[in-house]
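Student: Following this message is one structure expressed as C-alpha cells.
Every number in this text was worked out from the coordinates using simple rules, so none of it is lab data. None of the values given here were measured: they were computed from a predicted structure. We place every Cβ from the backbone using ideal geometry, glycine too, and count neighbours over all the protein chains shown.
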Amino acid sequence: MRIFSGIDNLPEFKNAVITIGSFDGVHQGHQGILKRINQLAQEIDGESVVITFDPHPRQIIYPKDDGLLLLSTTNEKRILFEKYDIDNLVIVPFSFEFSRQDPREYIEKFLVGKFQPKCIVIGYDHRFGLNRTGDVNLLRQCESQYGYEVLQIQKQELDNITISSTKIRAALLQGDIETSNRFLNHFYRLTGKVVHGEKIGKTLGFPTANLKVENQYKLIPKEGIYAVYVYHQGMKYHGMMYIGDRPTLPRIKGKSIEVNIFDFDDNLYEEEISIEIVQFLREDHKFDDLEGLKNQLFIDRKQAKLALGELTEDSLKSRIAIAILNYNGREYLESFLPSVLESSNSEDIDVVVIDNHSSDKSVDYIKEWHPEVKLIEFRKNYGFAEGYNRGLRQMDYEYIVLLNSDVLVEDGWLDGIIRHMDNNKTVAACQPKILSLEHKDHFEYAGAAGGMMDFLAYPFCAGRIFDTIEKDLGQYDDLVEIFWSSGAAMVIRKDLFEKIGGFDPSYFAHMEEIDLCWRLQRAGYKIHSVNSSKVYHLGGGTLDYGNARKTYLNFRNNLATLIKNNASINLIWLFPLRLILDGIAGLKYASGGNFDSTWAIIKSHFYVYTNIFNIYKRKSDYNKLVRALSKSSPYRAKLFSKSILWQYYVRGKKKYQDLI
C-alpha cells in the first residue's frame, strides 16, 4: 500500500476507484466500501484509493467540542487499511479553509483535479463541502461532466443492528469488547509510547509497560482488566492490560493504562507499542492491600491466557492444591493463610480450605478476606482423617499438599519438592523440614526432618525422639528417605492417595499419615523428606501434645497400625511385647501423677481388643488395595531394626544422628 501525506505531490492514478471519509474505526460498514473499491479497481484494471483526513474534521469545525471520541488514530487507520489490501492511502490535512469549499468546487478541484476518478464509492450518509451540503445527488449530477461513475453503499447490518461508530463507542465504554470487536471485525486497538510509572507492578511480580496514548481524543475503554495482544517492532506478544485510577493505591492520581506482557523482559521506555484488546476480564476493584491485588493478578493472568488461546480449560486446571483442613481455626487462618497464599502465587497451585463445620465464622472470614481460596464445606466434623478423605474426593489435582492451618511457609517452599517428585515417580509422598515457629532454630515435634518407625511401630523423627527435640544445625539437610511424612505438611500424589484407600477414617486424628505411608511403602513406593525446603509449625493447635485425648488416639491408632501392616504370624510375639511396653509407659505416666494419660493408654487397648474384628476387616480391605497397587518387584522400606525405647531410655541415645 502506498501512503501519501498531503495532496500536493500526488501521482497520476491509473483508473482510480476512490472513496472518501473519516473511516473512524474502519468497522464492518467501512470494510464493505473497501471491498467494493478493490473489486471495481480489479474490474477496470485500476487502483483503489482511500482518501481520509487528519485531524478529524470535527476537531477543526468544532474546536470547543470535547465530546469527540476517536476509535482509531491516523496511524491505526493506516494499519487497518493495509490489512484490507487498499492500493493507495491519501491522508489529507484537514483545515478550516478546506472545510469552507463550495460542494461543486470540492468536486471539481479536489476530487477530479487531484484524483481523476473513474468511480467514486461512498456510504449511504456521505456529506461534503461547506456546511456539509454536498451529497450523493450532487455527485451524480456531475457524472457525465467529469466522466466518473458514483456507487453508493447501503447500510451494513450485523444481527439486524445497523453498524455505526456510535454503537461501537457505546460498547467499548461499557466494556462490551465482544460486541465492539464483532462490529469492527477486528480487535480494538490502542497505540502509544511507553513511559515511566511507579513500578508497583514490578514489585508484585507483574512488571507493566505504562502506555501514554498521544491523541487526546482517542477513546479509552471502560476501566478494568483486559486480555490483549501487544505489538512491538513487528513482534506479537500476549498480555493483560489494566485501565483505571488504581484505587488500591490512592496516593497515585490519574487514570493509568498498564500492560503486563507475558514472557517479555526488554526495556520499552520511549518505545511505541500497539495493543489489540481481545476480551474484557473483570471490573476494576479496590483491594485491602497489595497482597490481595497480587493474588488477584495471578487469577487474571490465567483468565487472560485462556482468552488468548494460550491455555485451554484443561490446561488451565492447576496441578497442585494446598488443602488446609479447618475446624474452628479462624485465628490460625488469619495468622498463617496469607503466607500460604503469598507462597502459592502460581498458575499451577490452588489453595483449598476444607471446613469441618466450624462454628467460629472461619468460612465467613475466608469468603470476605480471601475470595481466591476455594472452599469445601461440611455439615459435620469428620475429624482429620475422614475430613481429608471427603475433601480430596472433590479435588482433581496431580499433587495434594496436606497443610495444617498453623503452619507458616516461605516463598518457593514447594518448588524443590514438586521438582523432586516430578523426577522420581516412585516417590509417593514428601515432606519439608518442619521447624518450630516459636523456636525457629529447633525442629518441631510433628515431623521434624522426617518420620521414622521401629519394628514395634513406635514412631520418632530425624531431629525429634520422644520429647527430645534437636536444634537445627543443618545436620539433616540432605534429601533423605523416611518411613512416614508428617500430616502437618505432606505432599502426596492424589492418584496414589485414592488407590491406597486414603486415611483410615476410624482413626479420626493422629497416626493416620503413618498408617497411610506404611501402606504406600508396602505397595512399592518411597517416602522422602526434602529438607532443603522448610516450614514453621506452631504445633498443638488442635490438641496439646500432652493432652490425654491425644495420648488415647496415639496409642489406639498406633496399635491398629501395627496390626494392619504386619503379617499375623509376626503379631504373635509383637503384640504381647507391645502390651508390656505400653504398660510400662502407663506406669511412667502414673508415677509422674499423670493418671489421665495412664487411663488413656488402658482405654486405647480396650478399644483395640473390643474392635479387633473391625480392625482385621479393615486390614483385609487395605491389603487388597496394596496388592492391586503393588509392583511386580515392589520396594520394601525397612523399619528401624532396633527398639527405639531401648536406645533412648537405656542406652541414652537422644539424637537421631546417634542412631545412624
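Student: Find the relative contact order for region 412-570 and round it to a whole percent, using C-alpha pairs within less than 8 Å whose residues are 6+ positions apart.
Tutor: 31 percent
Student: Let me ask something additional. Out of region 96-155, which chymotrypsin sites (Phe, Trp or Tyr not before Pro) are coil in DSSP terms and have no more than 14 other C-beta atoms within 10 Å?
Tutor: Counting only loop positions with at most 14 other Cβ atoms within 10 Å, the chymotrypsin sites (Phe, Trp or Tyr not before Pro) in region 96-155 are TYR124.
Student: Then there is this: Please report the relative contact order for region 317-537, taking Cα pairs under 8 Å with a sequence separation of at least 6, and give it as a percent rounded to a whole number.
Tutor: For region 317-537, the relative contact order is 25 percent.
Student: If you don't mind, another one. When DSSP beta bridges are limited to those with both residues in the chain, what percentage is antiparallel, rounded to the nearest 5?
Tutor: Restricted to the chain, the bridges split so that about 55 percent are antiparallel.
Student: Taking the Kirkwood radius as the inverse of the mean 1/r across Cα pairs, report the Rg/Rh of region 548-629.
Tutor: That ratio equals 1.05.
Student: Moving on. Could you compute the longest span of the chain free of GluC sites (Glu not before Pro) located in DSSP loops and having at most 10 other Cβ atoms within 10 Å, not counting the site residues?
Tutor: 271-660
Student: A follow-up question, please. Separation of region 258-296 and region 1-43 by C-alpha centroid, Å?
Tutor: 37 Å
Student: Separation of region 52-66 and region 584-604 by C-alpha centroid, Å?
Tutor: That distance is 93 Å.
Student: Taking the alpha-carbon distance from LYS118 and a cut-off under 25 Å, which lysines remain once sequence neighbours fewer than 8 residues away in the same chain are dropped?
Tutor: The reachable lysines, counting only those whose Cα sits under 25 Å from LYS118, are LYS14, LYS35, LYS77, LYS83, LYS109, LYS155.
Student: Does region 455-613 classify as rounded, prolate or oblate by the C-alpha gyration tensor (a ≥ b ≥ c root eigenvalues; a/c under 1.5 gives rounded; else a/b over b/c gives prolate, otherwise oblate)?
Tutor: Oblate, since a/c reaches 1.5 and b/c is not below a/b.
Student: Here's a follow-up. For the chain, list log₁₀ I(q)/I(0) at each q in 0.07, 0.10, 0.11, 0.12 Å⁻¹, using the Debye formula over Cα point scatterers of equal strength and ignoring solvent, two decimals each.
Tutor: -0.63, -0.92, -1.04, -1.18
Student: Under 14 Å from a point 7 Å along the Cα-to-Cβ line of GLU291: which residues of region 363-381 have their amide N that close?
Tutor: 366, 369-373
Student: Tell me, what is the FRET efficiency for ASP125 and VAL213 to the nearest 0.05, using R0 = 30 angstrom and their Cβ-Cβ distance as r?
Tutor: 0.60
Student: Further question: How charged is the neighbourhood of GLU498? Take every other residue with its Cβ under 13 Å from the Cβ of GLU498, and add Lys/Arg as +1 and Asp/Glu as -1.
Tutor: Every neighbour counted, the sum reads +3.
Student: Compute the Cα gyration tensor for region 2-158, then decide on rounded, prolate or oblate, letting a ≥ b ≥ c be the square roots of its eigenvalues: rounded whenever a/c is under 1.5, prolate when a/b is larger than b/c in the other cases, and oblate in all that remain.
Tutor: rounded
Student: What are the ³J(HN,Hα) couplings of region 496-511, residue after residue, when phi is run through the Karplus curve with 6.51, -1.76, 1.60 and θ = phi - 60°? Round to Hz, x for glycine and proline.
Tutor: For region 496-511, the Karplus curve yields 6, 4, 6, 5, 8, x, x, 6, 6, x, 5, 6, 6, 7, 6, 6 Hz.
Student: How much length would be gained if the chain were fully extended between LYS14 and SER620, taking 0.36 nm per residue of separation minus their Cα-Cα distance, in nm to one decimal?
Tutor: The span from LYS14 to SER620 would gain 209.0 nm if fully extended.
Student: In the chain, if the dipole is taken from +1 on Lys/Arg beta carbons and -1 on Asp/Glu beta carbons about the Cα centre, which of VAL407, TYR476, GLN233 is farthest to the positive end?
Tutor: TYR476
Student: Please list, in chain and number order, the residues 5+ apart from LEU70 or on another chain whose amide H is under 5 Å from its amide H, with Hs placed from the backbone.
Tutor: LYS218, LEU219
Student: Do any chymotrypsin sites (Phe, Trp or Tyr not before Pro) in region 503-600 lie in a loop, going by DSSP, with at most 15 other beta-carbon atoms within 10 Å of their beta carbon, and if so which?
Tutor: Counting only loop positions with at most 15 other Cβ atoms within 10 Å, the chymotrypsin sites (Phe, Trp or Tyr not before Pro) in region 503-600 are TYR545.
Student: Roughly how big is the chain's charge dipole about its Cα centre, with Cβ charges of +1 (Lys, Arg) and -1 (Asp, Glu), in debye to the nearest 20?
Tutor: My answer is approximately 2640 debye.
Student: Tabulate in residue order the Karplus-calculated ³J(HN,Hα) for region 38-52, using 6.51 cos²θ - 1.76 cosθ + 1.60 with θ = phi - 60°, rounded to whole Hz; enter x for Gly and Pro.
Tutor: 5, 4, 5, 4, 5, 5, 10, 6, x, 10, 8, 10, 9, 10, 9
Student: What percent do you get for the relative contact order of the chain when only Cα pairs under 8 Å and 6+ apart count?
Tutor: 9 percent
Student: From the square roots a ≥ b ≥ c of the eigenvalues of the alpha-carbon gyration tensor of region 204-321, which class results: rounded (a/c under 1.5), prolate (a/b over b/c), or oblate?
Tutor: In terms of gyration-tensor shape, oblate.
Student: If you don't mind, there's one more thing I want to ask. Under 5 Å between amide H atoms, partner at least 5 residues away or on a different chain: which partners does GLN279 have, H built in plane at 1.01 Å?
Tutor: ALA227
Student: Between THR166 and GLU410, what FRET efficiency comes out of the Förster formula 1/(1 + (r/R0)^6) with R0 = 51 Å and r the beta carbon distance, rounded to 0.05?
Tutor: Efficiency, from the Cβ-Cβ distance: 0.40.
Student: Please identify the trypsin sites (Lys or Arg not before Pro) of region 411-445 that satisfy two criteria: DSSP loop assignment and at most 16 other Cβ atoms within 10 Å. Which are they?
Tutor: Passing both the DSSP loop test and the Cβ count: LYS425, LYS440.
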